[in-house]
Every structure is written in structure tokens, then in C-alpha cells.
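Let me begin by presenting the structure, written as C-alpha cells, before commenting on it.
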Amino acid sequence: MVDRLRSAAEQLEAPTCPDCHIEMRWYRSELLADEPVPIIAHLFVCPHCKRAAQTDTVFKGTRGPPDKLSAPRFLAHAA
């Protein structure tokens, strides 16, 4: 999960404050959901008016259903 957080942070583009029209600064990122699809929230704050904004990174599902389900084999013993 740390690798996903790093890659999400590297691709972030800071939003522009709708009031001041300047680039907001990253404040922190947090994991909102891990299953079924990881979602990371990135929080930004305007350095001038302190308005907050959030952008989310949603990862595409990398896990699919298994091709075959495995089960233990039971051997029949002859008596």
C-alpha cells in the first residue's frame, strides 16, 4: 500500500483555490477504503485563505476472480 500511496502522491496536481485563484498546498493523504478498490484522499489547503479541498485517487481493481478454486484432496482409504 505504501507504493500505491507514493505513486499517487507523485501524480498529484494541486487544485486552485476558487476564492484566491492560487495553487493550494498539499496537507496530507489518507486511505479511505482498501477493499474492494483502494481509495486515497488527498487534502489540500489554500496558503492564503485556509480553504480546504480534497481530491481522491481511486485505483483500478487489480485482483480478479481466480481461474480455479483450490480445495484439499481427500483420499479414500481402503479398509
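The values are calculated or read from the model by the stated rules, or taken from the named source; none is laboratory data. All figures in this text were calculated on a predicted structure; none of them were measured in a lab. Reconstructed Cβ throughout: ideal geometry from the backbone, glycine too, with neighbour counts over all protein chains shown. Side chains included, ligands, DNA and RNA excluded: accessible areas come from the protein's heavy atoms. Shrake-Rupley method; radii C 1.70, N 1.55, O 1.52, S 1.80 Å.
So which residues in the stretch 35-59 are assigned to a strand (DSSP E or B) and either of a type in the set (S, T, N, Q) or closer than 14 Å to residue 15 by Cα (or both), if there are any at all? Give the steps one after another, and end with the answer.
Going through the stretch 35-59, the residues assigned to a strand (DSSP E or B) turn out to be 39-45, 52-58.
Passing the criteria: 41, 42, 43, 44, 45, 52, 53, 54, 55, 56, 57.
Under 7 Å by Cβ, and 6 or more places apart or on different chains, what pairs join a residue from the stretch 1-28 that is more than 13 Å from residue 52 (Cα to Cα) with one that is modelled with pLDDT of 90 or more and open to solvent by 50 Å² or more (accessible area, probe 1.4 Å)?
From residues that are more than 13 Å from residue 52 (Cα to Cα), the pairs are 12/26.
Could we say that residue 72 is at pLDDT below 60 and open to solvent by 60 Å² or more (accessible area, probe 1.4 Å) here?
yes
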